[in-house]
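A quick write-up on the structure given underneath.
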Amino acid sequence: MCGIIGYVGFRDSKEVLLNGLEKIQYRGYDSMGLLIVTKQGFKRVRSVGDIRQLRKKVADAGGNSGSWGLGHSRWATHGPPVEANAHPHKAEHIYIVHNGIIENAEELKAWLKGPFLSETDSEVVAHCILDSYKKNSSLKEAVFDTISKIKGEYAIAVMSEKDPNELIAFKKGPSLVIGLGEKEIFLSSDAQVFLPYTNRVIFLKDGEMAHIQNRETLYFYSDKKQKIDKPITLLDSYFTETEKKGYPYYMLKEIYEQPDCIANLIETHVNKKACKVEVGINNEKDFLDQIVQKGRCNIVACGSSYYAALYGKYAIEKGSRISIGVDMASEFRYRSPVLSSRTPLLLISQSGETADTLAVMRMAQELSLPVLSLCNVAHSSLDRGASAQLYMSAGMEKGVASTKAFTSTLFILFLLSIVLGRKKGSLSLSEEQKIIPSLLLFPDQMKEVLSREKECVAAAHLLRALKSFIYLGRDIYYPLALEGALKMKELTYIHAAAYPAGEMKHGPLALVDADTAIVGLAPKSHVSKKTFSNLEEARSRGGKMIVVGTRGDKESVSLSDCFLSIPSCNTYLSSILCVLPLQLIAYHTACSLGHNVDQPRNLAKSVTVE
Ligand code: M6R
């Protein structure tokens, strides 16, 4: 979950690295550090906190600049976020930055002499390289020797005071990209860091090493230590720079971008003339036909992307009668799932870098299963590794709490349910044509819901004083209840859980008292009456009722302490509309508690360790 960057060139590396760290801090923001190679020697600055604290510390340290260096943004795995645990770590003349986990760190620690000055697994790598260097006197050989000893998944970049004109990077697991400029070379976990300077990039594969010898010379090696040629990729599509555009937080900006994201997806995937949904898939264009032929597809993802997958299951199974298996990637990879041959797999990930989801991709590759990725970040590891690709196309999402990528995913899954329904023969063309007008109207309905933000501010006022939250929904609203609860807990740090409304009597009802918020998702639908009964049962036990319902619906209004209204529409679309007030109540409750909603404590945007 950490971010690595490196620079070799002619610019002031301090500025390049600090600007790069600012972009990559979505990977971890509990501590940061950099190493600059100056004429006077190596200079390391580390600090607790995000880029603002590091900038201040670098400015206070003053002086020396140089045109080589390394940088790191940390999300703590081993040891708390204190300066001693921040990267770069050093062992005598060896400096390293590391992303990932060294699984045999304790064994290596017992074998190496130290002294160890941090609690991290990363520092062990520096000592291991030092030990090998003493025997080999070559940084490259020392790194090769070290990677034969360390276990786990990791990306590292290494420098030595004895070889100040060398920078070595190695990857096994987490992403690592090289950027080639004019007489300058960049290195990063994410290409966006150097896109202001160059779009010519080389993606390292697992087991590969990059050896930079000066700003114009670098070599690549395979895991067999053989020199290899690597193809250069020109990044034509990547996110352009994003600003807050006057919003106090990226998250709020991203909430308000949702109608445009959906309008953009409609432009791409809906043929308005023919009144038909046409979802374009890259590479294996017949992927959806493969799903229909098999009559089955597994969808695997983590976090909000998993909840979106659950929505996909409900929508696709109902719309097309195709059986959909849904799993969390962290479970799927270890639970020995029964995978019949050639059953298509859909992997969903905003970042395309989530470690567990990538592990599932590798499992699928070993079994030669067709893999369709649904990513927001083009050129991410998942996007490059999948056999077919689809995109959320939501633009860069900076807030750690996913919003626009989530709703874009739901919308695409709804579109997929329509296409699969048609291909399977469960949805007639005339039925599809009836749905299209509601799709076209949808961005305006989203805008309308957002225009009622004040209702959510009022709800947040009530919610901030409560001790726990229970989100309830039935059928297609249940995955949205899960998402609402996740938004609330990750932003407010107050416990929130979601249940299918019909499950309350089987245990969770015991939790309800006057300090409990019950957030019910009950727009008019085939299940709303049933949900009302369950909400009534919770209200009778003293719960404070927040109900998201159809505008003008008397029953939901009378049930609520706070009523959050959405316009009437198709059930699959109304469930997507429900998430907008849920995002806003989580956002406003967190703001009123004084939390930084873009960088919630203990979290990172991209989860690159398992
Ligand atoms: O990049 P991914 O979609 O693979 O990320 C999955 C989760 O880490 C992510 O959705 C996480 O749950 C968000 N913080 C939710 O807001």
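The values are calculated or read from the model by the stated rules, or taken from the named source; none is laboratory data. Small disclaimer: the values here were computed from a predicted structure and weren't measured. Glycine also receives a Cβ, built like all others from the backbone with ideal geometry; neighbour counts cover every protein chain displayed. Side chains are part of the model used for accessible areas, which takes the heavy atoms of the whole protein and leaves out ligands, DNA and RNA. Shrake-Rupley method; radii C 1.70, N 1.55, O 1.52, S 1.80 Å.
When both bridge partners sit in the stretch 332-405, DSSP labels roughly 0% of those beta bridges antiparallel. Amide H contacts for Ser468 (H built 1.01 Å from N in the peptide plane; partners 5 or more residues away or on another chain; cut-off under 5 Å): Ala517. The angle between the Cα long axis of helix 51-61 and the main principal axis of the chain comes to about 30°, on a 0 to 90 degree scale.
Applying both filters, DSSP loop and at most 14 other Cβ atoms within 10 Å, to the trypsin sites (Lys or Arg not before Pro) of the stretch 167-212 gives Lys183. The phi torsions of the stretch 146-156, fed into the Karplus equation with coefficients 6.51, -1.76 and 1.60 and a -60° offset, translate into couplings of 5, 6, 7, 9, 8, 10, x, 10, 6, 10, 9 Hz, rounded to whole numbers, with Gly and Pro shown as x. Among beta bridges identified by DSSP and lying wholly in the chain, the antiparallel ones come to about 65 percent.
Expressed as an acute angle from 0 to 90° and rounded to the nearest 10, what is the orientation of the C-alpha long axis of helix 355-366 relative to the principal long axis of the chain? Around 90 degrees separate the two axes. Cα axis of helix 571-592 to longest principal axis of the chain: angle in degrees, 0 to 90, nearest 10? Tilt of helix 571-592: around 60 degrees.
Relative to one another, the C-alpha centroids of the stretch 298-315 and the stretch 383-459 are positioned 13 Å apart. Taking every protein chain into account, the accessible area of the stretch 50-133 amounts to 39 square angstrom per residue (probe 1.4 Å).
Rolling a 1.4 Å probe over the protein heavy atoms gives the stretch 134-232 an accessible area of 42 Å² per residue.
On the protein heavy atoms, probe 1.4 angstrom, tell me the percent of accessible surface of the chain carried by carbon and sulfur. About 50 percent, which is the carbon plus sulfur part of the accessible surface. Here the Karplus curve 6.51 cos²θ - 1.76 cosθ + 1.60, taken at θ = phi - 60°, turns the phi angles of the stretch 295-312 into couplings of x, 7, 8, 9, 10, 10, 6, 10, x, 4, 5, 5, 5, 4, 4, 5, 4, x Hz, with x standing for Gly and Pro.
Classify the stretch 514-600 as rounded, prolate or oblate from the Cα gyration tensor: take a ≥ b ≥ c as the square roots of its eigenvalues, call it rounded if a/c is under 1.5, otherwise prolate when a/b beats b/c and oblate if not. Oblate. Measuring against 32 Å, Cα to Cα, the residue pairs Lys489/Lys554; Lys23/Lys285; Lys434/Lys554; Lys447/Lys605; Lys171/Lys489 contain Lys23/Lys285; Lys171/Lys489 as the ones spanning a longer distance. Per residue, the stretch 328-406 exposes 31 Å² of solvent-accessible protein surface, assessed with a 1.4 angstrom probe and all protein chains in place. Note on the stretch 545-610 and the stretch 23-86: Cα centroid distance 37 Å, given to the nearest whole angstrom. Mind listing which trypsin sites (Lys or Arg not before Pro) in the stretch 521-610 are in a DSSP loop and have 13 or fewer other Cβ atoms within 10 Å? Counting only loop positions with at most 13 other Cβ atoms within 10 Å, the trypsin sites (Lys or Arg not before Pro) in the stretch 521-610 are Arg601.
Each Lys and Arg Cβ is given +1 and each Asp and Glu Cβ -1; about its Cα centre, the stretch 272-381 then shows a dipole of about 420 debye. For the stretch 277-344, applying the loop criterion from DSSP together with a ceiling of 14 other beta carbons within 10 Å to the trypsin sites (Lys or Arg not before Pro) yields Lys285, Arg321, Arg335, Arg342. Per-residue 3J(HN,Hα) values for the stretch 367-381, derived from phi via the Karplus relation 6.51 cos²θ - 1.76 cosθ + 1.60 with θ = phi - 60°, read 8, 6, 7, x, 10, 9, 9, 10, 10, 9, 8, 5, 6, 5, 4 Hz in sequence order (x marks Gly and Pro).
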